[in-house]
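Rule-based calculations on the coordinates, nothing more; no lab input. From a predicted model like this one, the values you see are computed outputs, not experimental measurements. All Cβ positions, even for glycine, are placed from backbone atoms using ideal geometry, and neighbour counts span all protein chains on display.
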Amino acid sequence: MAHLNRKERRRKVHRRIRKKIAGSPARPRLAVHFSNKNVYAQVIDDEAGKTLASASTKDKKGGLASGAGADSAAKVGKMIAERAKAEGIEQVVFDRGGFLFSTKVKALADAAREGGLQF
């Protein structure tokens with residue numbers, strides 16, 4: 001196989017992760033994604049195919065400035081925890097989306113845990 005670029009490698013890792021985890025109504029999946037400018041998080045019920053809660057730096061209601069750093073990720077993690085708790089969700093399965101569990105991903109996960117979500 002030819003040399004893979006960064007995006008293709010991340011997608012390959014994400015496919016491998018998704019084979020192992022799936023969201024259910026009792027324990028939905030907390031999926032995260034990072035672009036160069038923004039941070040996105042969704043709580044997804046894979047059995048029903050529905051997004052139960054979402055948060056991002058593009059969200060006007062959250063009052064967050066756009067940015068894809070660890071501080072923005074922590075704010076999005078706190079916001080997604082609040083929105084998930086409002087929907088009655090306390091336990092989730094964490095889907096890092098193929099991104100390395102360091103700096104930004106860790107900041108989002110820690111903020112979501114502090115907000116009351118259990119992984």
(message) Give me, ordered by chain and number, the residues 5 or more places off V93 or on other chains with an amide H under 5 Å from its own placed amide H.
(response) R29, L30
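For K7 and A48, what is the calculated FRET efficiency with R₀ set at 41 Å and r taken between the beta-carbons, to the nearest 0.05?
Numbers: r = 29 Å, r/R0 = 0.71.
That gives a FRET efficiency of 0.90.
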(request) Enumerate the calculated ³J(HN,Hα) couplings along the range 62-76 in order (Karplus 6.51 cos²θ - 1.76 cosθ + 1.60, θ = phi - 60°), each rounded to whole Hz, writing x wherever the residue is Gly or Pro. (result) x, x, 8, 7, 5, x, 10, x, 5, 5, 5, 5, 5, 5, 5
(request) List, in order, the whole-Hz ³J(HN,Hα) value for each residue of the range 114-119 obtained from phi through the Karplus relation with A = 6.51, B = -1.76, C = 1.60 and θ = phi - 60°; use x for Gly and Pro. (result) 5, x, x, 7, 10, 9
(message) Amide H of K58 versus every other amide H placed in the peptide plane: which residues, excluding those fewer than 5 positions away on the same chain, fall under 5 Å?
(response) V39
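For a quick protection proxy, order the peptides 51-63, 107-119, 16-28 by their average other-Cβ count within 10 Å, most packed first.
Working: 51-63: 15.7, 107-119: 18.0, 16-28: 14.1.
Sorting 51-63, 107-119, 16-28 by mean packing, highest first, produces 107-119, 51-63, 16-28.
Run the numbers on the range 6-114 and let me know its relative contact order in percent, using alpha-carbon pairs under 8 Å that are six or more apart. Let's see the in-between values first.
Details: 205 pairs, mean separation 33.0, N = 109.
Result for the range 6-114 is 30 percent.
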(request) Before rounding to the nearest 500, sum -39500 (n - 2.57) across all DSSP H runs of length at least 4 in the chain and divide by the residue total; then give [θ] at 222 nm in deg cm²/dmol. (result) -12000 deg cm²/dmol
(message) In whole Hz and in residue order, list the ³J(HN,Hα) couplings for the range 22-38 that follow from phi through the Karplus curve 6.51 cos²θ - 1.76 cosθ + 1.60, θ = phi - 60°; x for Gly and Pro.
(response) 8, x, 10, x, 6, 9, x, 9, 9, 9, 10, 9, 10, 9, 5, 10, 9
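Please give the length that would be gained between K85 and D59 if that part of the chain were fully extended, namely 0.36 nm times their separation in residues minus their C-alpha to C-alpha distance (nm, one decimal). Walk me through the intermediate numbers first.
On the way: separation 26, 0.36 × 26 = 9.36 nm, distance 1.80 nm.
Taking K85 through D59 to full extension adds about 7.6 nm, to one decimal.
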(request) Please report, to two decimal places, log10 I(q)/I(0) for the chain at q = 0.13 Å⁻¹ as given by the Debye formula with identical point scatterers on the Cα atoms and no solvent. (result) -0.47
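Nearest-5 percent of antiparallel DSSP beta bridges in the range 6-114?
Values: 12 of 15 bridges.
Around 80 percent antiparallel, to the nearest 5.
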